[in-house]
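Where a number appears in this text, it was derived from the coordinates with a stated rule and is not lab data. This one's a predicted model, so the numbers in the text were calculated from it and none came from an experiment. Ideal geometry is used to build each Cβ from the backbone, glycine not excepted, and the neighbour counts take in all protein chains shown.
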Amino acid sequence: MAYYATRQVLDDLEQIRATLQEASEVMADFQDVREFENMVRIAETKLSRLVELTLDTA
């Protein structure tokens, strides 16, 4: 269980990193604010899940 949770946390962190990288590229272009907002929501969802997994394994 702890291995799965740790693996999931690492996967989520990588997805958050990629999402934020992509979001910063979109924001740098200032072309599509809605797309940026969606990327931020995705990152927020992943962070919430990360917190839940962390609390569940603590």
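With unit charges on the beta carbons (Lys and Arg positive, Asp and Glu negative) and the dipole taken about the Cα centre of segment 2-57, which residue among 47, 57, 24 sits farthest to the positive side?
57
Rule-of-thumb check for segment 2-57: C-alpha Rg over 2.2 N^0.38 Å? If you can, show how the numbers build up before the last one.
On the way: Rg = 13.1 Å, N = 56, 2.2 N^0.38 = 10.2 Å.
Relative to the 2.2 N^0.38 Å estimate, segment 2-57 comes out at 1.29.
Give the calculated FRET efficiency between residue 5 and residue 33 to the nearest 0.05, with a Förster radius of 35 Å applied to their Cβ-Cβ distance.
Values: r = 35 Å, r/R0 = 1.00.
The formula returns an efficiency of 0.50 here.
Before rounding to the nearest 500, sum -39500 (n - 2.57) across all DSSP H runs of length at least 4 in the chain and divide by the residue total; then give [θ] at 222 nm in deg cm²/dmol.
Details: 2 runs with 53 residues, N = 58.
The per-residue figure over the chain is -32500 deg cm²/dmol.
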